[in-house]
Amino acid sequence: MGQICFVSLFPEYFETVMRSSIVGRAVNAGQIAWNFVQIRDFSLDKHHRVDDAPYGGGAGLVMKPEPLVSAIEHAKSLYPEGHVVLMSPQGMRFDQAHARRLSQYPSLILVCGHYEGIDERVRNFVDEEISIGDFVLTGGELAALVVSDAVCRLWPGVLGNDTSSVEESFSEGWLEYPQYTRPPEYRGMQVPEILLGGNHGAVDQWRRCESIRRTRERRPDLYASLEPTLTARERKWIDAEKNEP
């Protein structure tokens, strides 16, 4: 069973998502356990403030170290083996390989900043920082949900068919091949004949080639990094396709 603890000011962000769809079913089945630690509960201020003006001046407010660190430490007391991740635009860019690595931890503690940022000293109490992209959100809650969803689906039993997480986009770096289902013809558009013939070896080869082709067309940056891993047979196929009129 995987465990996730969100350290945040806004529990409402997580209630609906963690109880919905595939993740919600896994929670109900006992495959995922999740918890929430309210940062405001650890405020030393009678008004439960967790932020203050930054030293040196400037716009906005900064999250104070006392309540945030105390909330992290409380989460660690609940999950002693928890790997603490701060959601931060300064963190490492999150990708599928990162999700697979995080899925190896028995417990994750996802810390959500807010306002203009956190007191720098808080960083001494986290194991790593993660960014989901080069843009700014109003808080770390949405980023934490993105990370938790990507990780949860990799835990055993969550998807029902564990091979699903192996055969999808980015599982080996390549984008996923095209998918089709019934009917075989829709508004003049046909399902590729090779998928209807029952030759599983040919289907596997077609899917592999389509993954490579789609990555080359849609994500040339990924293709450039993965191109050295192509087999001689795959290179021959790529060269033949390039030379088609």
List, please: which pairs have Cβ atoms under 8 Å, are six or more places apart or on different chains, and start with a residue in the stretch 98-113 that is without any contact (Cβ under 8 Å) to a residue 40 or more places away in the chain and end with one that is part of a strand (DSSP E or B)? His98/Met92; His98/Ile130; Tyr105/His83
If we keep just the residues of the stretch 120-129 that are of a type in the set (D, E, K, R) and over 18 Å from the mean Cα position of the chain (by Cα), which is surrounded by the most Cβ atoms within 10 Å (Cβ to Cβ)? Arg123
Among the residues of the stretch 32-59, which ones are in contact with a Gly (Cβ under 8 Å, 6 or more places away or on another chain) and either modelled with pLDDT of 95 or more or within 13 Å of His114 (Cα to Cα) (or both)? Ile32, Ala33
Give the number of residues within the stretch 4-21 that are more than 19 Å from Glu116 (Cβ to Cβ), of a type in the set (Val, Ile, Thr) and modelled with pLDDT of 95 or more. 1
Across the stretch 194-245, what is the total count of residues that are assigned to a loop (DSSP other than H, G, I, E, B) and either under 23 Å from Gln179 (Cα atoms) or in contact with a helix residue (DSSP H, G or I) (Cβ under 8 Å, 6 or more places away or on another chain) (or both)? 5
Condition first: more than 15 Å from the chain's Cα centre (by Cα) and among the β-branched types (Val, Ile, Thr). Now tell me which residues in the stretch 85-119 satisfy that. Ile118
Of those in the stretch 169-204 that are of a type in the set (Ser, Thr, Tyr) and more than 29 Å from Asp221 (Cα to Cα), the residue farthest from the chain's Cα centre (by Cα) is Tyr186
Only one of Asp134, Asp119, Asp127 is acidic (Asp, Glu), in the same structural domain as Ala33 (by TED's automatic domain parsing) and out of contact with any Leu (no Cβ under 9 Å at 6 or more places or on another chain); which? Asp134
Within the stretch 143-160, tally of residues that are over 16 Å from Leu108 (Cα atoms) and surrounded by fewer than 16 Cβ atoms within 10 Å (Cβ to Cβ): 2
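The values are calculated or read from the model by the stated rules, or taken from the named source; none is laboratory data. For clarity, every value in this text was computed on a predicted model and none was experimentally measured. When we count neighbours, we look across all protein chains shown, and the Cβ atoms used for this are built from the backbone with ideal geometry, even at glycine.
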